[in-house]
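A.B. asks: Take this structure, written in structure tokens, and hold onto it; I'll ask about it next.
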Amino acid sequence: MIDPRILRDDPDRVRASLTKRGLSADVVDSSLAADAARRAAITEFESKRAEQKAMGKQVAQAQGEEKQALLARTRTLAAEVKEADAAQAVAARAWDDALKAMPNLTAPETPAGGEEDFTVIEHVGTPRDFAAEGFAPRDHVELGQLLGAIDLERGAKVSGSRFYFFTGAGARLHRALVNMAMDMAHANGFTEVVPPSLVKPRAMEGTGFLGQAADDVYRIEGQDLYLVGTSEVPMAAFHSDEILDADTFPLRYAAFSPCFRKEAGSHGKDTRGIFRVHWFDKVEMFVYTTLEESYAEHERLLAWEREFLDALEIAYRVIDVAAGDLGLSAYRKFDCEAWIPSQERYRELTSTSNCTDFQARRLDIRMRGEDGNTPVATLNGTLCSTNRPIIALLETHQQADGSVRVPERLRPYLGGDEVLKPVNA
RNA sequence: GGAGGCGUCGCCUAGUCCGGUCUAUGGCGCCCGCCUGCUAAGCGGGUUGAGGAGUGAUCCUUCUCUCGCGGGUUCAAAUCCCGCCGCCUCCGCCA
């Protein structure tokens, strides 16, 4: 949630941010009203309660008739306290709900508007020119079949649409990418983590995935547990309810976990292959640091993402994601979009967000500092999701005969293999 | 799954049987000060967290909540009752 003080002291800033995201700014006024109501209710309750406590002391010391008289008065007071307490709880809840529904502020650099209104920051590499080379590129489905790497038919048979098996070279590639990513993260000072991929509502809610995004989240039937769509969720909740020592910052974690997404509302979109699926694996970077440092750390996360994509020798561009496409938690977001030869366009491969203190407030993660205990900043970034890099890699480095050249940095992770060769002619 | 034990302000701990004097005890650690050639020791003070109010800041003053969480009983709950969660021990089952 955003800082309530900003809402109270500078509501116009919040309104501007909401408008930039393409949302109504009416919630600002209703929230402020809820805040005023809440504070009035608290004052009411506290004065009644103070009176009750004072009289309780008199009761303890009084005797006989005097005691009976006091008891008569305290009985009615007790009822009033109970009522005031309930009213206060209701008001507090209304305020909390209003605040929790409000998205984070946005960075000045973040472009206004929706999905199409991003700013391109940089192009890296050049898309391969297959026409000049004299052959039409196969898409990853075809390549996956030739290489015996991806089994979509059996995926559908066993688990349904948007499922698949990685087999042979595909499974090896998957393992190679994850290992390379983890080695890079380790070399860059990250602590490796394998988090649980089932979490309680608090973790989902705290990371901002139970609002509008709830439709995309799998819930375990009969239990209060959710399957995570990214290890950002368990990693943000990792330090929930803790007061951290700022001397240990930045806390950098690289977490490997499966990711589950219902992909509700994307029927008919990206139905071919393993581009948009209900499950994939991912190595996610997650950082806790100070608000002041978060902006520079965000750039560092982007640099590490780029280092990984560079190792795959694929062409990509970096975009500054527009406000309407930030999601609830992000203040600023960079996506790296790789060139997918079969689609002849750039598609999102990695994404890094600075969530500032938005998630930390929801999850009660603070740091001890000069100005008391203040919320920390959280950031996340994809180091390596498994599917889309495999798509980009197979399609980019394919050769006319259907074999695929392995980028040099990846070779040590594939037993030194320089080429993946077709097994199904 | 069954039985039992435990959960107190960073850590340890007193208090719970028998409700009010708990504004939660003491120790360790930490912070500030005094003392001292220096260090240690010693002495004094401070040290849970959150949310309100008081001339909208810091400070200060004051109040409320916080003894795993949520209810209940009562004028009054760390203390009594119920439910839940977590940890530990034992039994059963099982990768």
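The values are calculated or read from the model by the stated rules, or taken from the named source; none is laboratory data. Predicted, not measured: the structure shown is a model, and the values here were computed from it. When we count neighbours, we look across all protein chains shown, and the Cβ atoms used for this are built from the backbone with ideal geometry, even at glycine. Only protein heavy atoms, including side chains, enter the accessible area calculation; ligands, DNA and RNA are left aside. Shrake-Rupley method; radii C 1.70, N 1.55, O 1.52, S 1.80 Å.
A.B. asks: 222 nm [θ] for chain A, helices only, -39500 (n - 2.57) per DSSP H run of 4+, per residue, to 500?
C.D. replies: Details: 13 runs with 176 residues, N = 425.
The helix-only estimate for chain A comes to -13500 deg cm²/dmol at 222 nm.
A.B. asks: Output the peptides A:54-67, A:238-251 sorted from most to least packed, where packing is the average of other Cβ atoms within 10 Å over each peptide's residues. Write out the running numbers ahead of the final one.
C.D. replies: Numbers: A:54-67: 11.1, A:238-251: 15.1.
Ranking, from highest mean packing down: A:238-251, A:54-67.
A.B. asks: What spacing in nm lies between the two simple spin-label points modelled at A:Val194 and A:Gln61, each 7 Å away from Cα in the Cβ direction?
C.D. replies: Placing both labels 7 Å beyond Cα along the Cβ direction yields 6.5 nm.
A.B. asks: In segment A:291-332, whose amide N lies under 17 Å from the spot 7 Å out along Cα-to-Cβ of A:Ala25? List them in ranges.
C.D. replies: Within reach of a label on A:Ala25: A:323-324.
A.B. asks: Which order do peptides A:205-215, A:6-16, A:30-40 fall in by mean Cβ count within 10 Å, highest first?
C.D. replies: Numbers: A:205-215: 18.8, A:6-16: 14.7, A:30-40: 16.5.
Result, highest mean first: A:205-215, A:30-40, A:6-16.
A.B. asks: Here's something else I'd like to know. For chain A, take the convex hull of the Cα atoms, compute a quarter of its surface area, and give me that in nm², please.
C.D. replies: Values: hull surface 102.9 nm².
Averaged projected hull area, Cα only: 25.7 nm².
A.B. asks: Where Lys and Arg each count +1 and Asp and Glu each count -1, what net charge lies around A:Thr167 among other residues with Cβ under 9 Å from its Cβ? Mind dumping the intermediate values first?
C.D. replies: Values: positive: A:Arg154; negative: A:Asp151.
Residues close to A:Thr167 contribute a combined charge of 0.
A.B. asks: Suppose every Lys and Arg Cβ carries +1 and every Asp and Glu Cβ carries -1, with no other charges. What dipole size does segment A:320-425 come out with about its Cα centre, to the nearest 20 debye?
C.D. replies: Values: 13 positive and 15 negative charges, 46 e Å.
Value, rounded to 20: 220 debye.
A.B. asks: Starting from the Cα-Cα distance between A:Glu242 and A:Asp215, subtract it from 0.36 nm times their residue separation and give me the gain in nm to one decimal.
C.D. replies: That works out to 6.8 nm of additional length.
A.B. asks: Sticking with this one: Multiply the residue gap between A:Glu344 and A:Glu370 by 0.36 nm, knock off their C-alpha separation, and tell me the result in nm, one decimal place.
C.D. replies: 4.1 nm
A.B. asks: Going highest first, how would you order A:283-294, A:353-364, A:401-412 by mean Cβ packing within 10 Å? Please list the in-between numbers first.
C.D. replies: Numbers: A:283-294: 22.2, A:353-364: 24.2, A:401-412: 16.0.
Sorting A:283-294, A:353-364, A:401-412 by mean packing, highest first, produces A:353-364, A:283-294, A:401-412.
A.B. asks: What does the accessible area of A:Ser17 come to, in Å² to the nearest 10, when a probe of 1.4 Å is used?
C.D. replies: The accessible area comes out at roughly 10 Å².
A.B. asks: For segment A:4-101, rounded, prolate or oblate, judged on the Cα gyration tensor with a ≥ b ≥ c (square roots of eigenvalues), a/c < 1.5 rounded, else prolate if a/b > b/c? Kindly include the intermediate steps, with their values, before the conclusion.
C.D. replies: On the way: a/c = 6.14, a/b = 4.11, b/c = 1.49.
In terms of gyration-tensor shape, prolate.
A.B. asks: Just flag the GluC sites (Glu not before Pro) in segment A:102-152 sitting in loop per DSSP whose Cβ has no more than 15 other Cβ atoms within 10 Å. Display every interim value, and only then the final one.
C.D. replies: Values: sites: A:Glu109, A:Glu115, A:Glu116, A:Glu122, A:Glu133, A:Glu142; in loops: A:Glu109.
Qualifying residues, ordered by number: A:Glu109.
A.B. asks: If you roll a 1.4 angstrom probe over the protein chains with everything in place, what fraction of the accessible area of chain A belongs to carbon and sulfur, to the nearest %?
C.D. replies: Working: 9910 of 20090 Å².
Taking all protein chains in place, chain A shows 49 percent carbon and sulfur surface.
A.B. asks: Using only the alpha-carbon atoms, how far is helix A:26-61 inclined from the longest principal axis of chain A? Give it as 0 to 90 degrees, nearest 10.
C.D. replies: Long axis of A:26-61 versus the principal axis of chain A: about 40 degrees.
A.B. asks: Still on this structure: Where in segment A:130-162 does the amide nitrogen come within less than 19 Å of the point 7 Å from the Cα of A:Ala400, taken along Cα to Cβ?
C.D. replies: From segment A:130-162, the list is A:130-139, A:143.
A.B. asks: If I fit a long axis through the Cα atoms of helix A:291-311 and take the longest principal axis of the Cα atoms of chain A, what angle between them do I get, 0 to 90°, rounded to 10?
C.D. replies: For A:291-311 against chain A, the angle is about 20 degrees.
A.B. asks: To continue, here is another question. Between the helical axis of A:11-20 and the dominant principal axis of chain A, each derived from Cα atoms, what acute angle in degrees is found, rounded to the nearest 10?
C.D. replies: 30 degrees
A.B. asks: Name the shape class, rounded, prolate or oblate, that the alpha-carbon gyration tensor gives for segment A:266-397, where a ≥ b ≥ c are the square roots of its eigenvalues, rounded holds for a/c under 1.5, and otherwise prolate holds if a/b is larger than b/c and oblate otherwise. Kindly include the intermediate steps, with their values, before the conclusion.
C.D. replies: Numbers: a/c = 2.58, a/b = 2.03, b/c = 1.27.
Prolate shape, in that a/c is at least 1.5 and a/b is the bigger ratio.
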